[in-house]
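**Q** Mind looking over this structure? Questions follow.
The values are calculated or read from the model by the stated rules, or taken from the named source; none is laboratory data. Model, not experiment: these values are computed from the prediction. Methodologically, a virtual Cβ is constructed for each residue, glycine included, from the backbone with ideal geometry; neighbour enumeration extends over all protein chains shown. Note: accessible area is taken over every heavy atom of the protein model, side chains too, but ligands, DNA and RNA are not part of it. Shrake-Rupley method; radii C 1.70, N 1.55, O 1.52, S 1.80 Å.
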Amino acid sequence: MSLFLMAAEPIEGVTQWKFGAVDLYSDILIVALIVVMITLLFSALVVHKAMKSILRVTMPELVREEEEQKRLAKVQGKGKWGRIWNNLLELRPIDEEKYMVIDHEYDGIQELNNPIPTWFNVLFYSTVVFGFAYLLVYHVFGWGLNQDQEYVQELAVAEKAKQEYLAQAANLIDEGSVQFDPAMAPAGKAIFTANCVACHGAAGEGGIGPNLADRFWIHGGEIKDVFKTVKYGVPEKGMVPWEQTLTPGQIAEVSSYILTLRDTNPANAKAPEGVEVKAYESEGASADAEGAPADSTVNK
């Protein structure tokens with residue numbers, strides 16, 4: 001638990017970077033990025049148009065031949081899908097290569113007028129559109145989660161999963177594996193107050209039920225004995241089994257709380273019942289320590 005809290009603390013102060021939410025310099029940076037992207041897109045369109053105009057002036061025959069080739073390709077295309085494929089890849093037949101030769105050469109090498117394929121232009125302009133949309137969604141309007149926010153969200157999901165696991169692990173406890181834990185006492189006190197006070201008193205002094213604040217026990221005074229007694233009850237004495245009402249984790253909590261009542265000497269304590277247990281495992285004694293056995297079921 002503490003590990004998650006320590007990891008989350010540096011992130012709590014992170015402010016979402018969106019337009020108008022941080023400072024003037026960040027807002028200026030966002031506006032500048034948008035202007036630069038628009039300018040680059042506009043410049044690319046202008047350069048493309050200018051290149052076409054230059055070709056029309058310097059190589060009018062080549063432009064006319066290219067336009068004628070496009071016209072012939074449309075007429076002589078081998079079906080709809082064939083034309084789409086050829087246009088997408090800008091494919092030309094080998095017998096049309098002579099019309100694509102540019103009017104200059106170097107060292108006997110001639111250059112062909114091979115335009116950029118349509119699919120490449122589509123891919124390039126789609127990345128420009130995607131980048132612009134990404135900037136708007138994540139950094140201008142704040143519709144999407146940035147990395148810091150996703151980190152905090154994942155921490156919350158992990159903490160929830162951790163608590164669910166711990167809750168399930170706590171309910172795997174039984175009378176054979178339960179251990180005394182003073183940290184459970186506060187939660188156990190609430191359960192004791194809600195369910196046990198009527199018979200055992202608010203301070204465990206006893207009433208209808210036996211005194212829980214001394215060292216005398218009818219069914220054993222170790223944590224496993226108390227857990228078993230609470231779980232299965234003592235029907236012949238009027239104590240109902242709580243296994244249908246409380247979870248194993250809750251029974252472990254109230255059992256640990258009952259052990260903290262030992263030697264508290266509350267007022268109006270009921271007379272001792274059962275066998276005195278002088279040494280407890282929770283106090284460092286072994287199971288065969290001097291005194292009555294922990295699982296004593298003697299009832300006086």
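**Q** Would you please name the residue that is surrounded by the most Cβ atoms within 10 Å (Cβ to Cβ), looking only at residues in the range 103-124 that are touching a residue at least 24 places away in the same chain (Cβ under 8 Å) and assigned to a helix (DSSP H, G or I)?
**A** THR118
**Q** Filter the range 188-230 down to the residues that are closer than 20 Å to THR247 by Cβ and of a type in the set (Lys, Arg) and list them by number.
**A** Across the range 188-230, the qualifying residues are LYS189, LYS224, LYS228.
**Q** Within the range 167-186, restricting attention to residues that are modelled with pLDDT of 85 or more and crowded, with 18+ Cβ neighbours inside 10 Å, which residue is nearest to the chain's Cα centre (by Cα)?
**A** Looking at the filtered set, the residue picked out is MET184.
**Q** List pairs: first in the range 135-159 and within 22 Å of MET37 (Cβ to Cβ), second open to solvent by 90 Å² or more (accessible area, probe 1.4 Å) and modelled with pLDDT of 90 or more, Cβ under 6 Å, 6+ apart or cross-chain?
**A** From residues that are within 22 Å of MET37 (Cβ to Cβ), there are no pairs.
**Q** To continue, here is another question. State the number of residues belonging to the range 199-241 that are part of a loop (DSSP other than H, G, I, E, B), farther than 21 Å from ILE173 by Cβ and over 46 Å from the mean Cα position of the chain (by Cα).
**A** Looking only at the range 199-241, we keep the residues that are part of a loop (DSSP other than H, G, I, E, B), and these are 201-215, 218-222, 233, 238, 240-241.
Now narrow it down to the ones that are farther than 21 Å from ILE173 by Cβ: 201-211, 213-215, 218, 238.
Subsequent filtering for residues that are over 46 Å from the mean Cα position of the chain (by Cα) retains 205-211, 214-215, 218, 238.
Adding up the residues that qualify gives 11.
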